Every structure is written in structure tokens, then in C-alpha cells.
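This report concerns only the one structure given below.
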Amino acid sequence: MGDDTADTARTFDDASDTFDLLTETVWGPAGRTLAFQLGLGPGDTVLDACCGAGASALPAAAAVGPSGRVHGVDISSDLLEKARLIAEAQALQNVDFVCADVTTWEAPSDIPAEGYDALAISYGVFFLPDMHRAFARLVGLVRHGGRVGVTVWREGAMAEYAQVVFDVASRFNLDLAERGSLRARTPLGEIDTPRTFEAWMADAGTHSVDVRVLSNLLPATDELCWNLVTGTGYRAALNGLDDEEIAAVRRGIADEVTTRGIHTIDFTTLVGTATVRRPPTAASAHLTQSRA
Ligand SMILES: C[S@@+](CC[C@H](N)C(=O)[O-])C[C@H]1O[C@@H](n2cnc3c(N)ncnc32)[C@H](O)[C@@H]1O
């Protein structure tokens, strides 16, 4: 695991104490929509990469039923522990939550050699180092004709509020000021419009790409604003700050939200699904020729 991935794991472990406070309004709607759009059926096998606390893995497990299997893979052991507890509470026995780096994940032997029936990645792909290569590799774990689904923030989502967090936290956190905002450090901006997202999914070896816009505007209450700092990747903005400084960041954010007249936070999300196209192997090409 590289340094960046280890940092990401630490950030989401730290965020795990409040991550779930955003499940009902943010992670959950996208995760359920993704599982639905994948068109999962009983008996399907699913890889949920960057599964977190299971926002898409758990509805996927419900959809594939007892004869299906879901592998939820994430590098945050604390978030996975939350996911396991929810699965237990929902009596779902067909989902395994595994702590691993998805960029090196190999399908275990309980998955047919042709690959998974579906891959889901909700709000995770842009954290992967070398995102394009990592995504193409994950698509390669899905069988020909299988389904792939990804969610990402739409262009502009959370932008105004993220700027507030960055402006206020970087007064206290000089490392943050130097490294730049989370958005500036990830390749999300390359795939955050329906057009660029669709082209990117097709480039990774899929066809029939369908991109839906899931609008999600939430009132910018003090509670939501703070949960968004402590329960997401923004948590890294608080690294190295003591309790007094953290309290000052919270006050500073509340003041800036008022000063800048921010009344809502935009969580609008792109939900992309597609079908995997595997290039014909030498053996299948020969078969096609001899049948012609
Ligand atoms: C914003 S959270 C989304 C979690 C979940 N999919 C959801 O929608 O609630 C991003 C997740 O990606 C995970 N992640 C980032 N890089 C990863 C990697 N290389 N391997 C596995 N998980 C990774 C993080 O640990 C985190 O749980």
C-alpha cells in the first residue's frame, strides 16, 4: 500500500465515528440507486470496491439474495466493522467485508473464473491512485456481459462549501494549505460531467453506458456542515489540530457559511452504469470464423 493509500485509510478510519451520520441523506440514496441501476438479480456475484460502511454493498446483498454473493472491499477497517454490524442487523449472510486495497484485489476462488457479474464503486474511484488504470483493472474482474456501476460527485457538488472548509482549516493546518484542497488533489474533475463520465466508462471496456443525475440538495445546517468535515475525506483537514483548534475551525466554518450566504449544500451525484465488453480471445475468434 502506498503512502497516499495509507493516508486515505487513516482518514476514513478517523471519519468512521461520524461517517454513518451521512448515510441516510448522502451515501444511502446513491448506494441504493446504484444497486438498482445495476439490475442485480438472485444468484449474482458482486464486487463492491471502496464499500465503506456498505451503502451500496448492503442493498446489493439484498438484491442478489441468499444464492448470490457480495464482496465489499475497503481499506478502512473501522468502516468495515460498521458495515459488518449493519449486515448482521439486517440478517444478511451473503456479504463479506474484506480489508484490502482494491487496486490489487483478485477475485477469490468462490467467484467463477469468468469473473464477477457486477462491480459497484460508490464515491470511491477518485481516491484510487492512477484512477484510470485502477478502474480498467477492476472492470477486468467482471465477466463479459456483466455490469459495472460507479457514482461520482457532479461538477460543482459541494464546491462552495469545500472552499469554506479549506479556507478556514488551512488557517490552522499549514500542511493542508500547502497540499491543496481534496478536490484539487483527486482526478474527480476529469469525470464529473455526464459527457466526460460516460466517455471514461466506455474507455475502460464497457458499452451501453447510462448516466443518471441524482439531484440532492440539503439545507446547510450547522450539524450537516460539521458532519461533512468529520465524517468524510475532509476529515484530513483536522489532522494534527488540538481540541481548541478544532473548535475554532467549527466556529470559523459556521461564520463563513453565514457570511457567504450558503443555505444549501449540493450533493448532486452522477450514477453511471454500463455493460462489460471483453475483447474476443484467440479461441473465440477462431470459433466465430469457423461458424461463418
Ligand atoms: C467516500 S467513501 C465511500 C464509501 C461507500 N462506497 C459509500 O458510498 O458510503 C470512499 C471509500 O473509499 C475507500 N478507499 C479509498 N481508497 C481505497 C483503496 N485503494 N482500496 C480500498 N478502499 C479504498 C475509503 O476507505 C472509503 O471508505
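The values are calculated or read from the model by the stated rules, or taken from the named source; none is laboratory data. Everything numeric in this text was worked out from a predicted model, so none of it was measured. Counting neighbours? That spans all protein chains shown, and the Cβs are built from the backbone with ideal geometry, glycine included.
For region 2-16, indicate whether the set of residues that are more than 7 Å from the ligand (Cβ to nearest atom), more than 14 Å from the chain's Cα centre (by Cα) and part of a loop (DSSP other than H, G, I, E, B) is non-empty.
Going residue by residue through region 2-16, those that are more than 7 Å from the ligand (Cβ to nearest atom) are 2-4, 6-7, 10-11, 13-16.
So of that shortlist, the ones also more than 14 Å from the chain's Cα centre (by Cα) come out as 2-4, 6-7, 10-11, 13-16.
Within this subset, residues satisfying the condition of being part of a loop (DSSP other than H, G, I, E, B) are 2.
Yes, some residue in region 2-16 is more than 7 Å from the ligand (Cβ to nearest atom), more than 14 Å from the chain's Cα centre (by Cα) and part of a loop (DSSP other than H, G, I, E, B).
Go through region 144-172 and give me each residue that's within 23 Å of residue 56 (Cα to Cα) and either in contact with a Pro (Cβ under 7 Å, 6 or more places away or on another chain) or acidic (Asp, Glu) (or both).
Within region 144-172, 155 is the sole residue that qualifies.
Within region 108-136, take every residue that is within 14 Å of residue 46 (Cα to Cα) and surrounded by fewer than 16 Cβ atoms within 10 Å (Cβ to Cβ) and give me the one that is nearest to the ligand (Cβ to nearest atom). Break it down into steps so the answer makes sense when it comes.
Step one: of region 108-136, the residues within 14 Å of residue 46 (Cα to Cα) are 108-122.
Those left that are additionally surrounded by fewer than 16 Cβ atoms within 10 Å (Cβ to Cβ): 108-110, 112-114.
On the way: 108: 16, 109: 21, 110: 20, 112: 23, 113: 24, 114: 23 Å.
Out of the qualifying residues, it is 108.
Yes/no per residue for (1) surrounded by fewer than 19 Cβ atoms within 10 Å (Cβ to Cβ); (2) part of a helix (DSSP H, G or I); (3) free of Cβ contacts under 8 Å to residues at least 40 places away in the same chain:
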{"site": "22", "(1), (2), (3)": "no, yes, no"}
{"site": "34", "(1), (2), (3)": "no, yes, no"}
{"site": "39", "(1), (2), (3)": "yes, no, no"}
{"site": "42", "(1), (2), (3)": "yes, no, yes"}
{"site": "47", "(1), (2), (3)": "no, no, no"}
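Among the residues of region 101-128, which ones are part of a strand (DSSP E or B) and either farther than 29 Å from residue 185 by Cα or among the hydrophobic types (A, V, I, L, M, F, W, C) (or both)? Quick ask: steps written out before the conclusion?
Just the residues of region 101-128 that are part of a strand (DSSP E or B), to begin with: 116-122.
Scanning region 101-128 gives 116, 117, 118, 119, 120, 121.
Taking interchain pairs and intrachain pairs at least six residues apart, which have beta carbon atoms under 7 angstrom, with the first residue in region 105-124 and closer than 30 Å to residue 214 by Cα and among the aliphatic types (A, V, I, L, M) and the second near the ligand (Cβ under 8 Å from one of its atoms) and part of a strand (DSSP E or B)?
119/49; 120/48; 121/49
Check 57, 113, 120, 136 and return the single one that is more than 20 Å from residue 5 (Cα to Cα) and either touching a Gly at 6+ places or on another chain (Cβ under 8 Å) or among the charged types (D, E, K, R) (or both).
Values: 113 fails: either touching a Gly at 6+ places or on another chain (Cβ under 8 Å) or among the charged types (D, E, K, R) (or both); 120 fails: more than 20 Å from residue 5 (Cα to Cα); 136 fails: more than 20 Å from residue 5 (Cα to Cα).
Only one candidate qualifies: 57.
When you scan region 76-85, do you find a residue that is within 14 Å of the ligand (Cβ to nearest atom), under 22 Å from residue 105 (Cβ atoms) and in contact with a Leu (Cβ under 6 Å, 6 or more places away or on another chain), even just one?
no
Looking at residue 147 and the list (1) away from the ligand (no atom under 16 Å from the Cβ); (2) of a type outside the set (S, T, N, Q); (3) in a loop (DSSP other than H, G, I, E, B); (4) crowded, with 21+ Cβ neighbours inside 10 Å, which single condition is not satisfied?
Status for residue 147: all satisfied but (3).
If a residue has to be touching a Ser or Thr at 6+ places or on another chain (Cβ under 9 Å) and more than 10 Å from the ligand (Cβ to nearest atom) to count, how many in region 17-27 make the cut? Before you say what the answer is, go through the steps one by one.
Our first condition is that a residue be touching a Ser or Thr at 6+ places or on another chain (Cβ under 9 Å); within region 17-27, this holds for 17-19, 21-22, 26-27.
So of that shortlist, the ones also more than 10 Å from the ligand (Cβ to nearest atom) come out as 17-18, 21.
Here the count works out to 3.
Return the pair list, or none, for Cβ contacts closer than 6 Å from residues in region 1-20 that are under 20 Å from residue 131 (Cβ atoms) to residues that are more than 8 Å from the ligand (Cβ to nearest atom), at least 6 apart or on different chains.
Every condition considered, the pairs that remain are 11/235; 11/236.
Restricting attention to region 147-175, and to residues there that are over 19 Å from residue 27 (Cβ atoms), in contact with a Leu (Cβ under 9 Å, 6 or more places away or on another chain) and not charged (D, E, K, R), which single residue is modelled with the lowest pLDDT?
The residue in question is 173.
Would you check which residues across region 86-100 are within 13 Å of the ligand (Cβ to nearest atom) and either outside any helix (DSSP H, G or I) or crowded, with 22+ Cβ neighbours inside 10 Å (or both) and list them? Break it down into steps so the answer makes sense when it comes.
Going through region 86-100, the residues within 13 Å of the ligand (Cβ to nearest atom) turn out to be 86, 97-100.
Hits for region 86-100 are 97, 98, 99, 100.
Please pick out the residue among 72, 146 that is without any contact (Cβ under 8 Å) to a residue 60 or more places away in the chain, in contact with an Asp or Glu (Cβ under 7 Å, 6 or more places away or on another chain) and not polar (S, T, N, Q). Full working, then the answer.
Details: 146 fails: without any contact (Cβ under 8 Å) to a residue 60 or more places away in the chain.
Every option except 72 fails the conditions.
Would you check which residues across region 28-75 are within 14 Å of the ligand (Cβ to nearest atom) and among the charged types (D, E, K, R) and list them?
32, 48, 74
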